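Trainee: Encoded as structure tokens, here's the structure I'll be asking about.
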Amino acid sequence: MSHVLEFRMVRPLLLTGLALGLPLTARGDGYRNPPPGPAQGRAGNATAWGDGPTGLLYNPAHLTGQEADAAELSLSIARTRTDFRGPDGERARSKAPWQTLPTLTAVHPREDSPWAWGIGVGTPFGQSVEWERDSPFRYSTPYFAEIAMVNITPAAARQMTPDLAVGAGLDVYVSTIEFRQDVPWSAVLGAPGLPDGEIRATGDGAALGGRAGFTWDPREGHRLGFAYRSRFRVNYDGDFETRGAPPPLDLGRRDFSTRIRYPDILAMGYGVRITDAWRAEIQVERLLWSVNREQPVDVAPPYDALVPEPRIPQRWKDTWTVGVGTDWEFAPGWVARAGYVFLESPVPDETHSPLLSDADRHAVSVGLGHHRDAHALAVSYTYSVFRDRDTEAGRFEYDAHLVGVSYGYAF
């Protein structure tokens, strides 16, 4: 029997999992990660009002609001769990370890100059999912999928007039992708007693993008902010392999590639300084996720027999987010923050799956900050209320928590 014929026998069990394992699980906002820094306490509503060096990642025009050289380290610590209940009572639960997403930013305002410079290193997209190995879809869906991304953003801004600041930056993205799926070789080959094996695919890639923004104060105590981040595409190249396969099917590693398109993001915020100590902002975003229409998959022979469809439909839709945030300096050096945001899911019913398990959600945040001399510390907590998602496969329910910690130092 030829290798190609043997792989065609395996294909019916593996095709669905391979197709669904490549795009990563989404959490109510595509695969965008939560916002970093002190503004996390305002649920990420920071297009008009910035908070410290991390503000450059929300709107590069915020660079002009910095008064001294400064750096800030932020950690977003997230935990999301998905529970599945099938129509016949089957149950499954994703593993939910806490994941840490770091962000580092630094700013350099030019003394006696309208110019300011900065750089940020963060993780704007990514996350991962891992299902229990005994789930009812263990042989049709990868039990583990992960996408990781690092974004380096050098940026500059200029105070054009006392009321108008503009900024722009370059985005350099480096990313990796991986999925793992169990394979029941006994069932595939009709040979009882064979242990289960595994298929894995890994890849990495890079891309370039850009961002721009402005802030405008139409009157004292009022500010309009706009920010744009461009779409980009990462071409992932790597390896595809079987593990624990019987000798005829253990052919080592073969080339593997895929492509993911990430969206244009447009944000508009309007902020009001209600008193000297109290600010508020309303923000609207448009995420053009419809660029993610299909998932190309290219695997070198003979593993290509596992993927008869070279382009897997995704059909994501453009989405909106709407939110409001506020902060209040209730005592010298102490700031309380709070915020709310509604996030639409871009994943339609027809392409929803255990690894694209996504739903609309409401996120509520609270935060506390303290600054003294050159030091600034902020903490925040966000809880998300998801809309349960009923599909042909069953019901998906979600639980998500986010803790933020940041430390800034002015030189």
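The values are calculated or read from the model by the stated rules, or taken from the named source; none is laboratory data. From a predicted model like this one, the values you see are computed outputs, not experimental measurements. Counting neighbours? That spans all protein chains shown, and the Cβs are built from the backbone with ideal geometry, glycine included.
Trainee: Kindly indicate whether any position in the range 44-55 is hydroxyl-bearing (Ser, Thr, Tyr), closer than 23 Å to residue 387 by Cα and modelled with pLDDT of 50 or more.
Mentor: Scanning the range 44-55 turns up no residue that is hydroxyl-bearing (Ser, Thr, Tyr), closer than 23 Å to residue 387 by Cα and modelled with pLDDT of 50 or more.
Trainee: Taking the conditions exactly as written (assigned to a loop (DSSP other than H, G, I, E, B) and either closer than 27 Å to residue 353 by Cα or under 26 Å from the mean Cα position of the chain (by Cα) (or both)), does residue 139 satisfy them or not?
Mentor: yes
Trainee: I would also like to ask the following. Which count do you get for residues in the range 53-100 that are of a type in the set (A, V, I, L, M) and in a strand (DSSP E or B)?
Mentor: 7
Trainee: Specify the residue that is nearest to residue 35 (Cα to Cα); the eligible residues are those in the range 387-411 that are among the acidic types (Asp, Glu) and not in a strand (DSSP E or B).
Mentor: For the range 387-411, the residue satisfying everything is 388.
Trainee: If the requirement is being farther than 22 Å from residue 39 by Cα, of a type in the set (Gly, Ala, Ser) and surrounded by 15 or more Cβ atoms within 10 Å (Cβ to Cβ), which of these qualifies: 305, 338?
Mentor: Of the residues listed, the single one that is farther than 22 Å from residue 39 by Cα, of a type in the set (Gly, Ala, Ser) and surrounded by 15 or more Cβ atoms within 10 Å (Cβ to Cβ) is 305.
Trainee: Only one of 83, 163, 171 is more than 30 Å from residue 230 (Cα to Cα) and among the acidic types (Asp, Glu). Can you tell me which?
Mentor: One residue alone meets the criteria, 83.
Trainee: List the strands (runs of 3 or more DSSP E) that sit entirely inside the range 178-287 and contain at least 3 residues that are within 26 Å of residue 335 (Cα to Cα) and charged (D, E, K, R).
Mentor: The strands (runs of 3 or more DSSP E) meeting that bar are 278-287.
Trainee: Name, by its number, the condition in (1) over 26 Å from residue 317 (Cα atoms); (2) in contact with an Asp or Glu (Cβ under 9 Å, 6 or more places away or on another chain); (3) of a type in the set (Gly, Ala, Ser) that does not hold for residue 365.
Mentor: Answer for residue 365: the failing condition is (2).
Trainee: Now, a different point. Evaluate the range 361-368: report whether one residue or more is modelled with pLDDT of 95 or more, assigned to a strand (DSSP E or B) and either on the phi > 0 side of the Ramachandran plot or hydroxyl-bearing (Ser, Thr, Tyr) (or both).
Mentor: For the range 361-368, residues modelled with pLDDT of 95 or more, assigned to a strand (DSSP E or B) and either on the phi > 0 side of the Ramachandran plot or hydroxyl-bearing (Ser, Thr, Tyr) (or both): present.
Trainee: Return a yes/no flag: does the range 132-150 have any residue that is under 22 Å from residue 227 (Cβ atoms) and touching a Ser or Thr at 6+ places or on another chain (Cβ under 8 Å).
Mentor: yes
Trainee: Within the range 39-54, track down each residue that is closer than 16 Å to residue 122 by Cβ and over 18 Å from the mean Cα position of the chain (by Cα).
Mentor: 50, 51, 52, 53
Trainee: Among (1) touching an Asp or Glu at 6+ places or on another chain (Cβ under 9 Å); (2) under 30 Å from residue 371 (Cα atoms); (3) not in a loop (DSSP other than H, G, I, E, B), there is one condition residue 46 misses while meeting the rest; what is its number?
Mentor: So the condition that residue 46 fails would be (3).
Trainee: Do we find that residue 123 is within 25 Å of the chain's Cα centre (by Cα), modelled with pLDDT of 90 or more and surrounded by fewer than 21 Cβ atoms within 10 Å (Cβ to Cβ) in this structure?
Mentor: So residue 123 fits the description; yes.
Trainee: State whether one or more residues within the range 97-111 are of a type in the set (A, V, I, L, M) and within 13 Å of residue 36 (Cβ to Cβ).
Mentor: Looking for residues that are of a type in the set (A, V, I, L, M) and within 13 Å of residue 36 (Cβ to Cβ), one finds at least one in the range 97-111, hence yes.
Trainee: Let me ask you something else. Could you check, for the range 284-301, whether at least one of its residues is crowded, with 23+ Cβ neighbours inside 10 Å and more than 26 Å from residue 126 (Cα to Cα)?
Mentor: no
Trainee: Could you list, ordered by first residue, the pairs with Cβ atoms under 8 Å in which the first is in the range 301-316 and of a type in the set (Asp, Glu) and the second is at pLDDT below 75 and in a helix (DSSP H, G or I), at least 6 apart or interchain?
Mentor: 309/15; 309/19
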